[in-house]
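Chemist: Dropping the structure in here first, questions after.
The values are calculated or read from the model by the stated rules, or taken from the named source; none is laboratory data. Bear in mind the structure is a predicted one, so any value in this text is a computation, not a measurement. Because the Cβ atoms are built from the backbone with ideal geometry, glycine has one as well, and the counts that use them run over all protein chains shown.
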Ligand SMILES: CSC[C@@H](O)[C@@H](O)C(=O)COP(=O)(O)O
Ligand SMILES: [Zn+2]
């Protein structure tokens, strides 16, 4: 029998219905279709979240991210972290606390990918540490003198983009059994590296964020380009830093 009472959180459809392709509920669906074609969000892994004004738009958990529709999207009040729209029979993405960590630090969009290049880079950094008899925990991915580094901003506490001669440093955190258990180490890495716009997760993928959707997307593309290049460089015996 249909419920007689429908809570506010189950309705509020107006928050996700819009003709504007850049409305977050539409934009998340379009972006995830694009990311699926790049191998970033296949098999339900990965995702993306957008903040607009006081609201955070979040995809459901465990769904085919490339098939999502705007009415599947959750809406959260950032200030008090309460859901003001909750689609029935769905759970919000397990990545939600990690996306919130980026929004708490001023991001407008956060992208999580399961890109194989990101995963391989974390394995190569681990392997190099072990080869040198070191602990891989706490080691970062570092690369320099590659033009695409200029696609990454200098950092939250700085103005402008990195230059060709700057070294890009991407922290790596260790994976956990459950996505939400990554939150503490992700936040610690964000505090330790306040200028980072991406954090790799060992054997898992990467979180990339930006001040707005366009910046998060182009930065995610630049990071992925560099991860892929780094894997190929390693295969050819070329060093990432001089
Ligand atoms: C292939 S399952 C991957 C998930 O466990 C997780 O890593 C992930 O990225 C997506 O979580 P989800 O809750 O579906 O948004
Ligand atoms: Zn994941």
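Chemist: Please determine whether any residue of segment 44-59 is within 15 Å of ligand 1 (Cβ to nearest atom), out of contact with any strand residue (DSSP E or B) (no Cβ under 6 Å at 6 or more places or on another chain) and at pLDDT 95 or above.
Modeler: Checking segment 44-59: at least one residue is within 15 Å of ligand 1 (Cβ to nearest atom), out of contact with any strand residue (DSSP E or B) (no Cβ under 6 Å at 6 or more places or on another chain) and at pLDDT 95 or above.
Chemist: Within segment 56-71, count every residue that is surrounded by fewer than 18 Cβ atoms within 10 Å (Cβ to Cβ) and more than 27 Å from residue 117 (Cα to Cα).
Modeler: 2
A quick yes/no check of all residues on (1) in a helix (DSSP H, G or I); (2) within 16 Å of ligand 2 (Cβ to nearest atom); (3) crowded, with 24+ Cβ neighbours inside 10 Å:
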site: 25; (1), (2), (3): yes, no, yes
site: 33; (1), (2), (3): yes, no, no
site: 36; (1), (2), (3): yes, yes, no
site: 39; (1), (2), (3): no, yes, no
site: 50; (1), (2), (3): no, no, yes
site: 76; (1), (2), (3): no, no, yes
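Chemist: Checking the structure you have, find out if any residue of segment 142-151 is within 16 Å of ligand 1 (Cβ to nearest atom) and in contact with a strand residue (DSSP E or B) (Cβ under 6 Å, 6 or more places away or on another chain).
Modeler: Within segment 142-151, not a single residue is within 16 Å of ligand 1 (Cβ to nearest atom) and in contact with a strand residue (DSSP E or B) (Cβ under 6 Å, 6 or more places away or on another chain).
Chemist: Answer yes if at least one residue in segment 115-125 is assigned to a loop (DSSP other than H, G, I, E, B), touching a helix residue (DSSP H, G or I) at 6+ places or on another chain (Cβ under 6 Å), in contact (Cβ under 8 Å) with a residue 12 or more places away in the chain and within 24 Å of residue 20 (Cβ to Cβ), and no otherwise.
Modeler: no
Residue-by-condition table, conditions (1) more than 28 Å from residue 65 (Cα to Cα); (2) within 16 Å of ligand 2 (Cβ to nearest atom):
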{"site": "101", "(1), (2)": "no, yes"}
{"site": "104", "(1), (2)": "no, no"}
{"site": "115", "(1), (2)": "no, yes"}
{"site": "119", "(1), (2)": "no, yes"}
{"site": "152", "(1), (2)": "no, no"}
{"site": "155", "(1), (2)": "yes, no"}
{"site": "166", "(1), (2)": "yes, no"}
{"site": "181", "(1), (2)": "no, yes"}
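Chemist: For segment 128-183, enumerate the residues that are within 17 Å of the chain's Cα centre (by Cα) and free of Cβ contacts under 8 Å to residues at least 12 places away in the same chain.
Modeler: Once the filter is applied, which keeps residues that are within 17 Å of the chain's Cα centre (by Cα) and free of Cβ contacts under 8 Å to residues at least 12 places away in the same chain, segment 128-183 yields 176, 181.
Chemist: So in segment 85-99, with the set limited to residues that are part of a loop (DSSP other than H, G, I, E, B) and within 16 Å of ligand 2 (Cβ to nearest atom), which one is surrounded by the fewest Cβ atoms within 10 Å (Cβ to Cβ)?
Modeler: 91
Chemist: Next question, about the same structure. For segment 135-149, give me each residue that is surrounded by fewer than 12 Cβ atoms within 10 Å (Cβ to Cβ) and over 22 Å from residue 205 (Cα atoms).
Modeler: 147
Chemist: Just to be sure I understand the filter: pairs with C-beta atoms under 7 Å, separated by 6 or more residues or on different chains, first member in segment 24-43 and in contact (Cβ under 8 Å) with a residue 12 or more places away in the chain and under 12 Å from residue 217 (Cα atoms), second member within 16 Å of ligand 2 (Cβ to nearest atom) and in a helix (DSSP H, G or I). Which pairs pass?
Modeler: 32/65; 32/66
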